[in-house]
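Novice: One structure, as structure tokens, below. Some questions next.
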Amino acid sequence: EDQVTQSPEALRLQEGESSSLNCSYTVSGLRGLFWYRQDPGKGPEFLFTLYSAGEEKEKERLKATLTKKESFLHITAPKPEDSATYLCALYGGSQGNLIFGKGTKLSVKP
Amino acid sequence: GAVVSQHPSRVICKSGTSVKIECRSLDFQATTMFWYRQFPKQSLMLMATSNEGSKATYEQGVEKDKFLINHASLTLSTLTVTSAHPEDSSFYICSARDGASQLPLHFGNGTRLTVT
């Protein structure tokens with residue numbers, strides 16, 4: 001069964017303090033791993049898609065990497081506006097839908 | 001970029017009434033739309049998949065007579081919560097798959113349903 005596990009559940013950082021969020025997964029055949037950002041009361045906002053081990057993508061202070069078992073979302077010198085819940089998802093399921101982890105709630109204090 | 005519009009953003013209804021939620025793809029044709037439900041501090045759980053012009057496919061444990069889905073065009077899908085009860089209170093989010101790219105990338109902003 002395809003499964004996504006995210007850690008930590010919550011992360012508090014000081015502004016400028018770099019860190020990483022983890023997404024470990026099991027899947028029979030990877031067709032894509034997605035990262036989203038979700039603000040309270042909003043739908044997920046697309047960040048990245050990764051398809052194969054070794055692939056990396058960057059956007060501003062965020063960089064996503066992928067291995068055969070996990071993905072990391074690295075955040076460099078975060079700012080308070082980076083505070084949000086970050087969701088990892090697998091492209092899979094019988095309907096070609098996304099299978100989500102529970103997310104990591106990131107809080108960045110000034 | 002591609003946009004999915006969901007309406008309403010918030011709705012409060014009385015127990016026993018029905019509520020309709022709309023999901024529109026604004027600048028692309030969505031051959032498939034997905035409806036998710038999200039409880040506080042929980043992940044998005046897929047409820048059903050709707051394909052334009054055909055019946056929706058529901059996930060195990062989701063009552064199809066309670067959550068009616070209609071995908072009448074390539075840009076519109078609706079979810080109707082019938083005979084709502086307080087336990088149906090939740091955050092409902094739709095997602096649309098671009099028929100051109102075949103990737104389920106785009107989400108609406110969600111609908112907060114409160115049943116009193």
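The values are calculated or read from the model by the stated rules, or taken from the named source; none is laboratory data. No experiment lies behind these values; they were computed from the predicted model shown. Methodologically, a virtual Cβ is constructed for each residue, glycine included, from the backbone with ideal geometry; neighbour enumeration extends over all protein chains shown. Protein only, heavy atoms only, side chains kept; ligands, DNA and RNA dropped before computing areas. Shrake-Rupley method; radii C 1.70, N 1.55, O 1.52, S 1.80 Å.
Novice: Please state the relative contact order of chain A as a whole percent: Cα pairs under 8 Å, 6+ residues apart?
Specialist: Computed value for chain A: 37 percent relative contact order.
Novice: Also: Could you list the chymotrypsin sites (Phe, Trp or Tyr not before Pro) in the range A:1-103 that lie in coil according to DSSP, counting only those with at most 15 other Cβ atoms within 10 Å of their Cβ?
Specialist: Sites meeting the loop and neighbour criteria: A:Tyr51.
Novice: If you take the beta carbon distance between B:Arg10 and B:Ser54 as r and set R0 to 35 Å, what does 1/(1 + (r/R0)^6) give as a FRET efficiency, to the nearest 0.05?
Specialist: 0.70
Novice: Same structure, new question: Between A:Glu17 and B:Phe39, what is the spin-label point distance in nm, taking each point 7 Å from the Cα along the Cα→C-beta axis?
Specialist: 3.2
Novice: Next question, about the same structure. Given labels modelled 7 Å from the Cα in the Cβ direction, how far is it in nm from B:Lys20 to A:Glu9?
Specialist: Label at B:Lys20, label at A:Glu9, 4.0 nm between them.
Novice: Within the range B:1-74, how many Lys pairs sit with Cα atoms under 22 Å apart, leaving out pairs fewer than 8 places apart on the same chain?
Specialist: 7
Novice: Quick check: from the Cα gyration tensor, does the range B:7-68 come out rounded (a/c under 1.5), prolate or oblate?
Specialist: rounded
Novice: Using DSSP to call loops (not H, G, I, E or B), can you name the GluC sites (Glu not before Pro) in the range A:2-74 whose Cβ has at most 16 other Cβ atoms within 10 angstrom?
Specialist: A:Glu9, A:Glu15, A:Glu17, A:Glu55, A:Glu60
Novice: How much length is gained on full extension from A:Lys109 to A:Lys69, taking 0.36 nm per residue of separation minus their Cα-Cα distance?
Specialist: 11.3 nm
Novice: Compute for chains A and B the buried accessible surface, both sides summed, probe 1.4 Å, and express it in Å² to the nearest 100.
Specialist: 1600
Novice: Restricting to DSSP loop positions (anything but H, G, I, E, B) with no more than 10 other Cβ atoms inside 10 Å of their own Cβ, which GluC sites (Glu not before Pro) remain in the range B:19-73?
Specialist: Passing sites in the range B:19-73 are B:Glu63.
Novice: For a test of the definition: using alpha carbon positions, the gyration tensor, and the 1.5 limit on a/c, classify the range A:36-104 as rounded, prolate or oblate.
Specialist: Oblate shape, in that a/c is at least 1.5 and b/c is the bigger or equal ratio.
Novice: Any cysteines in the protein assembly as shown with zero other Cys Cβ atoms under 4.7 Å from their Cβ? List them, or say none.
Specialist: Singleton cysteines: B:Cys13.
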